[in-house]
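Comments concern the structure below.
The values are calculated or read from the model by the stated rules, or taken from the named source; none is laboratory data. Here the structure is a predicted model, which means the values were calculated and not measured. Cβ placement follows ideal geometry from the backbone for every residue including glycine, while neighbour counts extend to all protein chains displayed.
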Amino acid sequence: MKKFILGLTCGIALTATTAVYASDTIQAVRKVILNGQLLNTKVEVSDDGTTMTSMRTLAEALGAKVSWNEQLNTVEIENQYPYFVSSLLHGKYSFMYEILADNIINNPDTTVVFSEGYKDIPDNTDFQKLFLLLLIEQIGDLKTKKIEFWSNKEHALAYVSGNYKEDGIEGWSGMNSRFGLLIRDDEKVSLSHILSVHERDVISFGKE
């Protein structure tokens, strides 16, 4: 199988803005949305309208590492992307996998693959996509039409056997353990990174 091409941002740019802190601040119902996701942190608004929130929360949400240098009285922010990619390529994260089933009950011509290493990947969709691509390279060619990737073995086995029940408004919560789906349609191939039951990103598509 030819390698998939993933367009990833090669770095994360953090823009630091210096805010003028007024002597009086007021609590306000103001939300911070980062890359489409609500940032779960305390937000204050000064009397001149300046938004103030936790630097650590914001930086970590952008995938950066934040540390406190007490001796220098300094907050240090590091872009983790190069470090993560290097760690991924040099074996820090496990690409071990287990093929649990082929041609399962509810989805014939489907292979279910379990890989616990996905859980160790930082909660950053670019990092997770890169892990998925490298995992597929490790597995090599499988002849089934669909390959599903799961991070929780118990959930994956329940899915394979069909022995699960809906437990919420979105159906069975165990489906949130599925993180990838590779589909072959004749010569066409598509790969999706699954974020939740109803949300996924198409990583790439093309021919084998």
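Couple of notes before you dig in:
- In the set Asp109, Asp120, only one residue is among the acidic types (Asp, Glu) and on the phi > 0 side of the Ramachandran plot; that residue is Asp109.
- If the condition is being of a type outside the set (A, V, I, L, M) and assigned to a helix (DSSP H, G or I), then the stretch 36-87 contributes Arg56, Thr57, Glu60, Tyr81, Pro82, Tyr83, Phe84, Ser86, Ser87.
- Boolean, Leu157 is of a type outside the set (D, E, K, R) and within 18 Å of Ile183 (Cα to Cα): no
- Only one of Asn163, Asn152 that is surrounded by 15 or more Cβ atoms within 10 Å (Cβ to Cβ) and not basic (Lys, Arg): Asn152
- Candidates Ile121, Ile147, Ile104, Ile136: the one that is crowded, with 17+ Cβ neighbours inside 10 Å, at pLDDT below 80 and not assigned by the TED database to the domain that holds Gln37 is Ile104.
- Of the residues in the stretch 35-53, not one is surrounded by 11 or more Cβ atoms within 10 Å (Cβ to Cβ), closer than 30 Å to Phe179 by Cβ, at pLDDT below 80 and within 17 Å of the chain's Cα centre (by Cα).
- Boolean, Ala64 is farther than 30 Å from Glu137 by Cα and touching a Leu at 6+ places or on another chain (Cβ under 8 Å): no
- Total residues in the stretch 90-130 satisfying the condition of being under 12 Å from the mean Cα position of the chain (by Cα) and over 21 Å from Gly174 (Cα atoms): the figure is 3.
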